[in-house]
């Protein structure tokens with residue numbers, strides 16, 4: 001039996017470049033010893049264990065493990081065979097990586113090292129994940145990534161340059177897009193949602209609804225005219241928005257802040273009552289009168305006949321846009337969004353108050369010689 005085994009050993013031959021199988025029998029400093037079933041053992045130098053830098057052979061192989069190896073050279077003088085594990089791993093890796101690239105597959109890798117500009121993983125060859133392709137957000141410190149397992153995709157492959165670029169962000173982007181589409185299809189026109197103001201532009205603001213952004217056009221910012229969206233909201237603000245329209249195919253969502261809030265006419269009849277004198281701003285002048293803003297989004301009409309105690313041919317004779325005026329509320333119709341106002345009556349009330357004060361003073365101090373006609377002749381003429 002012993003003679004038979006001896007004969008088999010002598011028949012077994014090894015040549016440079018062969019791919020052989022062997023079992024790890026010993027791990028020493030800087031190398032691993034392998035039993036090939038040959039007349040003498042094989043040795044894997046630590047530099048041939050992996051495509052990455054290895055400090056301890058035991059981190060890559062274990063005693064008793066059977067692995068495939070490539071014969072680099074045969075040293076009959078020293079009675080050993082120099083082997084390479086990384087050469088076999090590399091040859092297999094390029095085919096597998098090409099399949100991953102062609103199929104756009106995602107697969108798991110373990111981060112072996114952190115280097116300037118990104119992360120390194122052993123994928124049979126050295127795989128590099130640039131810092132910009134690690135996460136969807138900026139990462140300041142990659143210190144805790146070593147040893148972690150990340151799901152990645154191959155984004156660039158060049159065997160001639162031994163270049164393998166991987167991306168974890170590409171996997172996250174696919175997941176985010178899937179979640180985005182699910183969210184978009186769950187959003188219905190007419191519903192009111194909470195969101196966060198993410199970006200302000202000249203034409204409106206973008207609001208994050210929890211993974212997908214919708215646009216609030218500047219015309220939908222408030223019930224009053226808005227010149228700059230920053231007048232109404234700031235980045236980071238939490239806002240209530242009403243969904244106006246959803247176009248899932250285009251990923252477009254139209255929102256409104258003003259429609260999610262009570263309208264400017266809500267409660268107007270309780271705030272402005274007939275007979276009240278309030279201050280407003282002249283917003284528009286038309287042939288038949290002036291529109292005065294009482295509060296943002298609420299304007300009342302001062303008919304031309306209620307503008308002045310004197311006869312005027314047009315409102316422009318006594319008023320101008322932007323002018324602050326005191327008006328008396330004549331009538332409020334909240335349902336029809338209509339308020340009737342008068343400037344003339346405020347002036348008349350003021351003159352009558354002056355008359356009352358004069359009469360009171362005359363009763364106290366008789367004989368001044370000044371008559372009511374002298375002081376308020378114009379008022380009496382227009383009554």
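Each value in this text was obtained by applying a stated rule to the coordinates, not by laboratory testing. Source: prediction; values computed, not measured. Please note: Cβ atoms are built from the backbone with ideal geometry, for glycine as well, and neighbour counts cover all protein chains shown.
For the reader, a short list of remarks on this structure follows.
- Using alpha-carbon coordinates, inclination of helix 2-11 to the longest axis of the chain, degrees: 60
- Descending by average beta-carbon neighbour count within 10 Å, the peptides 40-51, 21-32 line up as 40-51, 21-32, the highest first.
- Over the chain, DSSP H runs of length four or greater, each weighted -39,500 (n - 2.57), average out per residue to a 222 nm ellipticity of -7000 deg cm²/dmol.
- Among 122, 59, 213: highest mean-square fluctuation, GNM of the chain, C-alpha pairs under 10 Å: 59
- The residue 176 and residue 311 beta-carbon pair, evaluated with R₀ = 51 Å, returns a calculated FRET efficiency of approximately 0.15.
- Antiparallel content of DSSP bridges confined to the stretch 188-260, in %, to 5: 90
- Annotation: the stretch 17-88 has a Kirkwood hydrodynamic radius of 11.8 angstrom, from the mean reciprocal C-alpha pair distance.
- Share, in percent, of DSSP beta bridges within the stretch 171-298 that are antiparallel, nearest 5: 95
- Which label in (1) 58, 53, 45; (2) 61, 58, 52; (3) 153, 42, 33 gives the computed Cα extents along the principal axes in Å: (3)
- Residue order, fewest to most surrounding Cβ atoms within 10 angstrom, among 191, 220: 191, 220
- Listed residues 188, 179, 250, most fluctuating in the chain (Gaussian network, C-alpha, under 10 Å): 250
- For the stretch 135-225: rounded, prolate or oblate by the Cα gyration tensor [a/c cutoff 1.5]: prolate
- 19 Å cut-off, amide nitrogen to a point 7 angstrom out along residue 237 Cα→Cβ, residues in the stretch 250-279: 254-265
- For the residues 214, 195, 37, a GNM of the chain with alpha-carbon springs under 10 Å puts the largest fluctuation on 37.
- With Cα atoms, 0 to 90° folded angle of helix 344-364 axis to the chain main axis: 50
- With Cα atoms, 0 to 90° folded angle of helix 169-186 axis to the chain main axis: 40
- One chain, two ends: residue 324 and residue 52. Fully extended at 0.36 nm per residue, the span grows by 90.2 nm beyond their Cα-Cα distance.
- Note on the chain: antiparallel DSSP beta bridges, both residues inside, total approximately 90 percent of the bridges counted.
- Globularity ratio of the stretch 211-363, using Cα Rg and 2.2 N^0.38 Å: 1.42
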